[in-house]
1. Looking at LYS170, LYS136, LYS142 in this structure, which one is buried (at least 16 other Cβ atoms within 10 Å of the Cβ) and outside any helix (DSSP H, G or I)?
2. Out of everything in segment 26-66 that is in a loop (DSSP other than H, G, I, E, B) and in contact with a His (Cβ under 9 Å, 6 or more places away or on another chain), what residue ends up being modelled with the lowest pLDDT?
3. Pairs please, first residue from segment 108-130 and free of Cβ contacts under 8 Å to residues at least 60 places away in the same chain and surrounded by 22 or more Cβ atoms within 10 Å (Cβ to Cβ), second anywhere and basic (Lys, Arg) and assigned to a loop (DSSP other than H, G, I, E, B), Cβ atoms under 6 Å, 6+ apart in sequence or on different chains.
4. Restricting attention to segment 80-94, does a residue exist that is closer than 29 Å to TYR129 by Cβ and either buried (at least 18 other Cβ atoms within 10 Å of the Cβ) or among the β-branched types (Val, Ile, Thr) (or both)?
5. Take the conditions modelled with pLDDT of 95 or more and in a helix (DSSP H, G or I) and apply them to GLU105. Does it pass?
6. Looking at segment 69-91, can you tell me whether even one residue there is in contact with a helix residue (DSSP H, G or I) (Cβ under 7 Å, 6 or more places away or on another chain), small (Gly, Ala, Ser) and part of a helix (DSSP H, G or I)?
Amino acid sequence: MCSNSDCGHHFVLTKNSIGQFKAVLPNAKPAQKAFSGIINEVSPNFIEIYNQAFCAEQMCLDQICGTGYRKALEFLIKDYLIIGIQEESQKVSIKKKFLGQCIQEDVENVRVKEIARRAAWLGNDETHYVRAWEEKDVSALKQLIELTVHWIEDEIASNRLLAEMSEPRK
C-alpha cells in the first residue's frame, strides 16, 4: 500500500534477479464480493464487514478472517430483523441480544433460521479456542452466509412482488 496518506492505493512490485525493481503492477487491491441491491438496503454494514473479512482472507490472514465473517453475519441477521420493526425499544432489544438468541427467537423464515443457525455455529468456532466443528472451515462458513443472504433476498423480493401484485388485474 502506498505510504502517502492521501493515496493509500495498493500495488505490487517485482524484482529482477539482482534485486532491482522490475515492474509496478497497479490495482493490486484485493477483490470485493458484490451483493444485490436488496442486501445493500438491508445491511450496508454487513457488506462492508464481509468485504473486510474477504480482504483479510485474500491476504492469507486465515486466523482472523473467520471472526470478521462471523461479525458480518451478526450485522446481516440483526439488520434483517430490524427492517420490519417500527418500535424503537424492540430495535434496541434485537441489537442487544446474542446472535444465536436472535436467530432462535426472532427469525421466522425457516430457511433463514436453520442456515443462519449453522453459520453462527461455525462463526463461533472461528472465535473460540476449541472448535466444535473441526471438519468445517472458513469456506463452509462463507457458504452458509451466502445461503443466508440468498434466503433473505428471496424472502424480501417475494414479499415485494406479492405486495405489488396482491390482486389479479381485470
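The values are calculated or read from the model by the stated rules, or taken from the named source; none is laboratory data. As the structure is a prediction and not an experimental result, all values here were calculated from the model. Quick reminder, even Gly has a Cβ in these numbers, built from the backbone with ideal geometry, and neighbours come from all protein chains shown.
1. Working: LYS170 fails: buried (at least 16 other Cβ atoms within 10 Å of the Cβ); LYS142 fails: outside any helix (DSSP H, G or I).
Selected residue: LYS136, the only one of LYS170, LYS136, LYS142 that is buried (at least 16 other Cβ atoms within 10 Å of the Cβ) and outside any helix (DSSP H, G or I).
2. Narrowing segment 26-66 to residues in a loop (DSSP other than H, G, I, E, B): 27-36, 43, 59-64.
Subset that is in contact with a His (Cβ under 9 Å, 6 or more places away or on another chain): 27-30.
Details: ASN27: 55, ALA28: 61, LYS29: 70, PRO30: 79.
If we take residues in segment 26-66 being in a loop (DSSP other than H, G, I, E, B) and in contact with a His (Cβ under 9 Å, 6 or more places away or on another chain), then ASN27 is modelled with the lowest pLDDT.
3. These pairs meet every condition: LEU122/LYS136.
4. Pass one, segment 80-94, residues closer than 29 Å to TYR129 by Cβ: 94.
Then keep just the ones that are either buried (at least 18 other Cβ atoms within 10 Å of the Cβ) or among the β-branched types (Val, Ile, Thr) (or both); that gives 94.
Yes, that holds for at least one residue.
5. Values: modelled with pLDDT of 95 or more: yes; in a helix (DSSP H, G or I): yes.
Judged against the criteria, GLU105 is a match.
6. Just the residues of segment 69-91 that are in contact with a helix residue (DSSP H, G or I) (Cβ under 7 Å, 6 or more places away or on another chain), to begin with: 69-83, 85, 91.
When the remaining residues are screened for being small (Gly, Ala, Ser), the result is 72.
Going one step further and asking which of them are part of a helix (DSSP H, G or I), we end up with 72.
Yes, because at least one residue in segment 69-91 is in contact with a helix residue (DSSP H, G or I) (Cβ under 7 Å, 6 or more places away or on another chain), small (Gly, Ala, Ser) and part of a helix (DSSP H, G or I).
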